[in-house]
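Chemist: Mind having a look at this structure? Questions to follow.
The values are calculated or read from the model by the stated rules, or taken from the named source; none is laboratory data. Given the structure is predicted, the values throughout are model-derived calculations rather than measurements. All Cβ positions, glycine included, derive from the backbone under ideal geometry; neighbour counts span all protein chains shown.
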Amino acid sequence: MLLIVDGDSSPLIPSTTSTASIYGFEVLMGVRAGCQAQTGYAVLQALVDPSRVSDALGFMMLAQWLGTALGLSIAGTVFVNVSIGSLRVVLPDAPQTQLYRAITGTSGGFFTNLPPATRRAAIAITVDSI
């Protein structure tokens, strides 16, 4: 499942993206998310009766944290299941725990020890799963 842009068959985010680019994108996303998360508090205080502001703020904070926790749980589960299922096709003899450690980044040199063609396919599957 590759994300196609303008009829091009290359993925939207290639597996050759540099580490510096990834960190730069994460910083931009973090700044955007931080700014977006704070705007609700100002709007909430302007819309709610002053006697109920503390209740509304508590509810909003609970909703934000609960939404984040649920979203990350679901996204992580989908990523692991899709990645392992797809990697099973390329690496049918690899143990399940080894595949899990490889996609979570705790397996050190798992991908580097694969033959070049298999490594490219495994990396492409992992990037596509993200």
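Chemist: Take Tyr41 and tell me if it is closer than 28 Å to Thr16 by Cβ and of a type in the set (Phe, Trp, Tyr).
Modeler: no
Chemist: Name the single residue, out of those in region 1-17 being within 26 Å of Gly67 (Cβ to Cβ) and in contact with a helix residue (DSSP H, G or I) (Cβ under 7 Å, 6 or more places away or on another chain), that is modelled with the lowest pLDDT.
Modeler: Step by step, filter region 1-17, then rank; the result is Met1.
Chemist: Find all pairs meeting these conditions: Cβ atoms under 8 angstrom apart; at least six residues apart or on different chains; first residue within region 71-86 and within 14 Å of Thr126 (Cβ to Cβ); second residue of a type outside the set (Phe, Trp, Tyr) and outside any helix (DSSP H, G or I).
Modeler: From residues that are within 14 Å of Thr126 (Cβ to Cβ), the pairs are Phe79/Ile130.
Chemist: Kindly indicate the residue of region 18-44 that is aromatic (Phe, Trp, Tyr) and out of contact with any helix residue (DSSP H, G or I) (no Cβ under 9 Å at 6 or more places or on another chain) and also farthest from Gly67 (Cα to Cα) among those meeting that condition.
Modeler: By that ranking, first place goes to Tyr23.
Chemist: Restricting the first residue to region 93-104 and requiring it to be within 11 Å of Val80 (Cα to Cα) and without any contact (Cβ under 8 Å) to a residue 12 or more places away in the chain, which pairs with a second residue that is surrounded by 12 or more Cβ atoms within 10 Å (Cβ to Cβ) and not aliphatic (A, V, I, L, M) meet a Cβ separation below 6 Å and a spacing of at least six or different chains?
Modeler: Once the first residue is within 11 Å of Val80 (Cα to Cα) and without any contact (Cβ under 8 Å) to a residue 12 or more places away in the chain and sits in region 93-104, its partners that are surrounded by 12 or more Cβ atoms within 10 Å (Cβ to Cβ) and not aliphatic (A, V, I, L, M) give Arg101/Ser107.
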